[in-house]
Amino acid sequence: MTQDLNICLLPLEICWGDKYANMAQVEDMLSKVHPMTDLVILPETFSTGFPSGMDKEDVRVMAERNTGVTIDRIKELAAKYQIGIAGSFIADSGGSLYNRAFFIEPSGDEQFEDKHHLFTMAGEEKVFSRGYDRMLFRFRGWNIALVICYDIRFPVWCRNVMNEYDALICVANWPKVRIDALNKLLPARAIENQSYVCSVNCKGKDNLDFEYGGEAAIYDFKGRDISVTASDSGLVYAALSRERLDGFRAKFRAWQDADTFKLI
């Protein structure tokens, strides 16, 4: 039987546009993570904040390649603490900019995919190019999918076909003014996909003065919030139980009756 997976969410208070201040915060928070943790999840564009309404060339200044300072340092921290680390950052590939999801293993193995649904209300499509593949990776015996913020609104993109994933991660910069929607979408995705769902939002104010509340939660396959917040650090934890997940899927086999489809 595959082991349980211990998750930690880091609801980072982002200093918008200050990559070095944000990385310093991440380093400090990781030093407080429980040593039994397997996977740490950071918010969307954790190192810079989400560039709402910004000009593409101004955003380009904050962008990096996959071998830049941000990912290189994340690799060092994953190795130091022997944890997997997931999130997203602003990437530059061949002159195009992307809101790029990443997963880094303690070994240094890496995986990247780019955000599919670009948030047009904030002009994201004017800055970033679209990705076409949802991230799916395997870590410590668990199949895990990762989507970025706005993606969670689209159930077809998140659909768990024949239990291809066991946990869905959503990294977010989701403002307080719309947070009620996120709080409903996350347990819905968990129920319909018979999967754990882990989501972490950022804190602070962005360049347009929108406020973010640092909401972080982990839902089980029945849509129940199973997360616990550490009173001393504000870090959010949960243990994902393989036995309970497999038992529920065997008992309630709705996944077998799901419609088949192909994304184009």
Taking 0.36 nm per residue of separation between Asp232 and Glu57 and subtracting their Cα-Cα distance, the length gained on full extension comes to 59.0 nm
What residues have an amide H closer than 5 Å to that of Gly213, excluding those fewer than 5 places away on the same chain, when H is modeled at 1.01 Å from N in the peptide plane? Lys176
In percent, what relative contact order does segment 150-251 have, based on Cα pairs under 8 Å that are 6 or more apart in sequence? 22 percent
Quick check: convex hull over the Cα atoms of segment 193-264, volume per residue in Å³, rounded to an integer? 141 Å³
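For Met162 and Ala188, what is the calculated FRET efficiency with R₀ set at 30 Å and r taken between the beta-carbons, to the nearest 0.05?
Computed FRET efficiency for Met162 and Ala188 comes out at 0.95.
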Using only protein heavy atoms and a 1.4 Å probe, report how much of Cys15 is accessible, in Å² to the nearest 10. 50 Å²
Carbon plus sulfur fraction of accessible area for the chain, probe 1.4 Å, in percent: 50 percent
For the chain, the longest site-free run once chymotrypsin sites (Phe, Trp or Tyr not before Pro) in DSSP loop states with at most 12 other Cβ atoms within 10 Å are removed: 1-131
Heavy-atom accessible area per residue - the chain, 1.4 Å, Å²: 44 Å²
Taking only the alpha carbons of segment 64-187, what extent do you get along each of the three principal axes, in Å, biggest first? 37, 37, 27
Geometric extent, Cα atoms of segment 213-255 - Rg, Dmax (angstrom): 13.2, 40
If you keep only loop residues by DSSP, which trypsin sites (Lys or Arg not before Pro) in segment 81-141 have at most 15 other Cβ atoms within 10 Å of their Cβ? Arg130, Arg140
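For segment 123-264, give me the percentage of DSSP beta bridges that are antiparallel, rounded to the nearest 5 percent.
So the antiparallel bridges amount to about 60 percent of the total.
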Within the chain, helix-based [θ] at 222 nm, where runs of 4 or more DSSP H residues each add -39,500 (n - 2.57), nearest 500: -6500 deg cm²/dmol
Here the convex hull volume per residue of segment 119-256, taken over Cα atoms and given in Å³, is 126 Å³
Leaving out ligands, DNA and RNA but keeping every protein chain, what accessible area does Ile218 have, in Å² rounded to the nearest 10, with a 1.4 Å probe? 0 Å²
So what are the chain's ellipsoid semi-axes, whole angstrom, largest first, if each one is the square root of 5 times an eigenvalue of the alpha-carbon gyration tensor? 27, 21, 18
Average Cα contact separation per residue, the chain, under 8 Å, 6 or more apart, as relative contact order %: 21 percent
Please report, in whole Å, how far the alpha carbons of segment 1-137 spread along each principal axis, starting with the longest. 45, 33, 26
How many percent of Cα pairs in segment 118-188 exceed 21 Å? 31 percent
Per-residue accessible area for Thr37 at 1.4 Å probe radius, Å² rounded to 10? 10 Å²
Normalised per residue, the volume of the convex hull around the Cα set of segment 57-126 (Å³): 89 Å³
Dipole check, the chain, charges on Cβ (K,R +1; D,E -1), about Cα centroid: among Ala230, Leu146, Ala79 the Cα furthest to the positive pole belongs to Leu146
Links exceeding 19 Å between C-alpha atoms in this model, out of Lys176/Lys203; Lys115/Lys203; Lys56/Lys126, come to Lys115/Lys203
Please give every one of the aspartates and glutamates within straight-line cross-link reach of Lys205, meaning a C-alpha to C-alpha distance under 15 Å, and leave out same-chain neighbours fewer than 8 residues apart. Glu13, Asp18, Glu44, Glu215
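The values are calculated or read from the model by the stated rules, or taken from the named source; none is laboratory data. Since the structure is predicted, the reported quantities are computational estimates derived from the model, not experimental observations. Positions of Cβ are backbone-derived with ideal geometry, glycine not excepted, and every protein chain shown enters the neighbour counts. When the accessible area is computed, the model is the full protein with side chains, heavy atoms only, and any ligands, DNA or RNA have been set aside. Shrake-Rupley method; radii C 1.70, N 1.55, O 1.52, S 1.80 Å.
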